[in-house]
Amino acid sequence: MVKYTSASELANVILSDKKPWKDYLVVDVRDEDRIGGNIKGSYHVPSKNFLNEVDKLVKDTRDIPMVVFHCRYSQER
């Protein structure tokens, strides 16, 4: 299922007692623009490598109830 979440909803999850890689995971698909900073606990899969890594990503995250994909503007990649 695909569901969109707002930045404030995600911030609430990150600031709660929930644990990355257990309760949620933020997958950061930015490339060079990641240099400016990243979300604590996020997993970096550059968009240029995404197709090669998607099967492993699906397998590794299948038991995580909330997986959020993030890019700089969350609308292009």
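Brief remarks on what is shown
- Average Cα contact separation per residue, the chain, under 8 Å, 6 or more apart, as relative contact order %: 37
- By the count of neighbouring beta-carbon atoms within 10 Å, fewest first, LEU51, LEU10 end up ordered LEU51, LEU10.
- ASP63, ASP33 arranged by Cβ crowding within 10 Å, fewest neighbours leading: ASP63, ASP33
- All lysines inside 25 Å of LYS48 as judged from Cα atoms, apart from same-chain residues fewer than 8 positions distant: LYS3, LYS40, LYS56, LYS59
- Among the trypsin sites (Lys or Arg not before Pro) in segment 1-41, those located in a DSSP loop and surrounded by at most 14 other Cβ atoms within 10 Å of their own Cβ are LYS3, LYS18, LYS22, LYS40.
- The shape of the chain comes out oblate: with a ≥ b ≥ c from the C-alpha gyration tensor, a/c is at least 1.5 while a/b does not beat b/c.
- Neighbour count of at most 13 Cβ within 10 Å plus DSSP loop: longest chymotrypsin sites (Phe, Trp or Tyr not before Pro)-free window in the chain: 22-72
- Helix-derived mean residue ellipticity, 222 nm - over the chain, DSSP H n ≥ 4, -39500 (n - 2.57), to 500: -8000 deg cm²/dmol
- Of the GluC sites (Glu not before Pro) found in the chain, the ones in coil according to DSSP and having at most 14 other Cβ atoms within 10 Å of their Cβ are GLU76.
Rule-based calculations on the coordinates, nothing more; no lab input. Just so it is clear, the model here is predicted, and its values are computed rather than measured. Every residue, glycine among them, receives a Cβ derived from its backbone with ideal geometry; neighbour counts consider all protein chains shown.
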